[in-house]
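I have placed the structure first, in the form of structure tokens, so that the comments after it can refer back to it.
The values are calculated or read from the model by the stated rules, or taken from the named source; none is laboratory data. Every value quoted in this text rests on a predicted model; they were computed, and no experiment measured them. Positions of Cβ are backbone-derived with ideal geometry, glycine not excepted, and every protein chain shown enters the neighbour counts. When the accessible area is computed, the model is the full protein with side chains, heavy atoms only, and any ligands, DNA or RNA have been set aside. Shrake-Rupley method; radii C 1.70, N 1.55, O 1.52, S 1.80 Å.
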Amino acid sequence: MKWLRRALALVGIAIAGPAPAQVAAPAEARLPVELFAAEADFQQAKLSPSGRWLAFTALLQGRVTLVVYDVASGKPASLAARFSNADIDEFHWVSDERLVLDLRDRLRGGGEQRFAPGLFSVQRDGRDVTRLIDTDTSVVRERRAGRDPLPASHGLLHVPRGGPEDVVIVGESLWLRGEPYGVVAKRLDVRTGRTEGLSRGQPEHVRQWIFDAAGEPRVVTTLHQGQGAVYWREGEGWKRLFAYQAQGAPWWPHSVDADGRLYVLVASGAEGERQLHRYDFATGRPEREPLVATPGFDFAGRIVTESAGGRALGVTVETDAARTVWFDERLRALQQEADRRLPGRINVLTCRRCDAPDMTVLVQSYADRVPGDWVVYTAADQRWRVIASRRPKVDPARMATLDFERFTARDGRSIPVWVTRPDASVAPRAVPQPTVVLVHGGPWVRGVRWAWNPDAQFLASRGYVVVEPEFRGSTGYGQSHFRAGWRQWGQAMQDDVADATHWAVKQGLADPGRICIAGASYGGYATLMGLVRHGELYRCGVAWVAVSALRLLYRWSPASDSIAEWRHYSNPQLIGDPDTDKAMLEGNSPVLRAAEIRRPLLLAMGGADRRVPLEHGEAMRDALAKAGRPVEWVVYPEEGHGWNLLQTRVDFYQRMERFLAEHLR
């Protein structure tokens, strides 16, 4: 155990005071690929319910472990859980004495994760490791609960605050003929393994549960064959609030407070932005006036309450960046002090015993150039302590900046766009630079948040400006923006990417003769279609885990994780009907237009990808070869829909670096 004592001693140094100053390397020294490809040294940090203890996951001796730090005494951290052949993924405090956690294996490819994450409980001092939900029995030896663990079809749903101690809520996923049928909720005692059903009279086909602070189920949403509904629990029964067709809900449940009030999201902004409203049971509809509105952005946040779910202390919001609006004067003043001490950053405060003289506050502090630090403030002694840095080897002074802009597309729609610009020591800012237009996956997600991003930072470290458009169809910017992307794969969505490229040239950011398009998943599809439709804009393309044939999105395959709900209901609405829109789908399938690609292409796939199976990449490669269009081709056999292994990420970054240098320099 000498390695453990040495590792924990290092952690003790890290938490003793501010992180040591970084000595910047000479400007001409290129930062190593591993700096961007490696996982963070410290990954999550959470205060116990009383604030006395701080748990965090740390990369020690090649495995992600769980460590607990005594906030009151400031003593060096102690090991709470470590497994020799698995990594701790998510964890939660259940009480001041016990935590629950699940597992993954970061040393296996993303497609080779052969065991379910399971669920384990452990005392904060590392004793009494108990398997609550099953996983591969070869993963770890531990004390079993008083009864056999639950099958791997279960997973954690909710950790109550203010309910029975040492109890969590888990859900059992039901499947029928290979398709998801619903989720059944159960209360689970983490000491004994005993369960209690919470699904009394629940509707069929439940997909989502919402609980109150005490862990009582209050809202469920159902979905089956494109038909959904939202139900509210009244007594022992469930009342349907409304029914809807897929993508057609008039509002969406958000949360329930300690007084039993329901909060909902309504697309009530000028551009259909989702705003937070209370639900009025007397009228059977959301209240007219929103509680929280973020013009230009969907509300994405939560109401911050005391740990037991009492009075509201503030509300978190995310627009171009995250922030907290505090109602509580004490916390508002503390936020101002944190922002003064850590200027130019987002400083997210989480408090325990928020009204007490001995309040403890955890500050997660980060920025576009700063991967993140954790700082603890203790009100009893008014002391601020730096606990750990996510990536202590990263020198913020050598990182790139990230800015949020909007431009006008060809049809007049306002399109959000993010621009990462290299540090001046890497590329001068006075002249246009070689540029990578990086298209996000999804596509029905928000692509970028104001934070340190390894892909964009790596590209910027090599001297490239990175332009990331939030094309129509992206979420987070209002329902109007989202719906404008329906049935627009390869069409208006693709035009937005091209218009972002033109905008970057007009702004003097991008050298028009040195631009490459790149992306993964849908972003890989957009890369291929960008080379098909707008090849004059780009010198090259880099696509990984890319969709190439739209017809494959509607076909069942044992190699795919596609479910009937996507294939028969969501995809026809969002992408196009496979029968009536067949010509459109074929015209927007890169594999059928391979002969039109005349620019160099790097194409990478995961051999065990179930989201976009290898068939997509092989068909694209073969079509390009048949058309006499050579492609740089690589398959990572163990990987799935993304790169889990460090050696894969390093290899791919190096390939991309060589490829871009060849075609943009």
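Within region 191-205, not a single residue is in contact (Cβ under 8 Å) with a residue 12 or more places away in the chain, of a type in the set (Val, Ile, Thr) and open to solvent by less than 40 Å² (accessible area, probe 1.4 Å).
Quick check: is even one residue across region 418-425 exposed (fewer than 15 other Cβ atoms within 10 Å of the Cβ) and not hydroxyl-bearing (Ser, Thr, Tyr)? Within region 418-425 (the criterion being exposed (fewer than 15 other Cβ atoms within 10 Å of the Cβ) and not hydroxyl-bearing (Ser, Thr, Tyr)), the answer is yes, since at least one residue qualifies. Among all positions in region 538-549, there is at least one residue which is assigned to a loop (DSSP other than H, G, I, E, B), at positive phi and either hydrophobic (A, V, I, L, M, F, W, C) or surrounded by fewer than 23 Cβ atoms within 10 Å (Cβ to Cβ) (or both). Look through region 353-398, keep the residues that are open to solvent by 20 Å² or more (accessible area, probe 1.4 Å) and among the polar types (S, T, N, Q), and return whichever of them is farthest from LEU60 (Cα to Cα). By that ranking, first place goes to GLN382. Yes or no: ARG555 at pLDDT below 95 and not small (Gly, Ala, Ser)? Answer is yes for this residue. When only residues in region 230-251 that are part of a strand (DSSP E or B) and touching a Ser or Thr at 6+ places or on another chain (Cβ under 8 Å) count, which is farthest from PRO295 (Cα to Cα)? If we take residues in region 230-251 being part of a strand (DSSP E or B) and touching a Ser or Thr at 6+ places or on another chain (Cβ under 8 Å), then TYR231 is farthest from PRO295 (Cα to Cα). Answer with yes or no whether GLU638 is in contact with a helix residue (DSSP H, G or I) (Cβ under 6 Å, 6 or more places away or on another chain), acidic (Asp, Glu), open to solvent by 30 Å² or more (accessible area, probe 1.4 Å) and within 28 Å of ASP511 (Cβ to Cβ). Answer is no for this residue. For region 165-212, a residue qualifies if it is assigned to a loop (DSSP other than H, G, I, E, B), under 19 Å from GLU97 (Cβ atoms) and charged (D, E, K, R), and the qualifying residues are GLU165, ASP166, ARG191, ARG194. Every condition in (1) over 26 Å from the mean Cα position of the chain (by Cα); (2) modelled with pLDDT under 95; (3) crowded, with 16+ Cβ neighbours inside 10 Å is met by ALA152 except one, and the failing one is (1). The set of residues from region 451-462 being touching a strand residue (DSSP E or B) at 6+ places or on another chain (Cβ under 6 Å) and not in a loop (DSSP other than H, G, I, E, B) comprises ALA456, LEU459, ALA460. Scanning region 35-88 for residues that are in contact with an Asp or Glu (Cβ under 8 Å, 6 or more places away or on another chain), open to solvent by 20 Å² or more (accessible area, probe 1.4 Å) and either over 23 Å from ASN453 (Cα atoms) or part of a loop (DSSP other than H, G, I, E, B) (or both) yields PRO49, SER50, ARG52, TRP53, SER78, ASN85.
The sole residue among ALA72, ALA77, ALA86, ALA45 that is out of contact with any Ser or Thr (no Cβ under 9 Å at 6 or more places or on another chain) and among the aliphatic types (A, V, I, L, M) is ALA77. Checked against the criteria, LEU31 counts as at pLDDT 95 or above, surrounded by 16 or more Cβ atoms within 10 Å (Cβ to Cβ) and in a loop (DSSP other than H, G, I, E, B). Checked against the criterion of being in a helix (DSSP H, G or I) and either over 21 Å from LEU531 (Cβ atoms) or touching a helix residue (DSSP H, G or I) at 6+ places or on another chain (Cβ under 7 Å) (or both), region 432-450 contains not a single residue that satisfies it. Testing PRO630 on (1) within 18 Å of GLY111 (Cβ to Cβ); (2) in a loop (DSSP other than H, G, I, E, B), one condition comes back false. Which one is that? Going through the list (1) within 18 Å of GLY111 (Cβ to Cβ); (2) in a loop (DSSP other than H, G, I, E, B), PRO630 breaks only (1). Checked against (1) touching a strand residue (DSSP E or B) at 6+ places or on another chain (Cβ under 9 Å); (2) outside any helix (DSSP H, G or I); (3) closer than 29 Å to TYR181 by Cα, TYR569 passes all but a single condition, namely (2). Considering every residue within region 490-508, establish whether at least one is in contact (Cβ under 8 Å) with a residue 40 or more places away in the chain, among the aromatic types (Phe, Trp, Tyr) and part of a loop (DSSP other than H, G, I, E, B). No: zero hits. Does VAL532 meet the test of being open to solvent by less than 20 Å² (accessible area, probe 1.4 Å), touching a residue at least 60 places away in the same chain (Cβ under 8 Å), within 17 Å of VAL591 (Cβ to Cβ) and aliphatic (A, V, I, L, M)? The answer is yes for VAL532. The residues of region 375-431 that are outside any strand (DSSP E or B) and of a type in the set (S, T, N, Q), listed by number, are GLN382, SER425. In region 563-581, of all residues being touching a residue at least 12 places away in the same chain (Cβ under 8 Å) and among the hydroxyl-bearing types (Ser, Thr, Tyr), the one that is nearest to GLY485 (Cα to Cα) corresponds to SER570.
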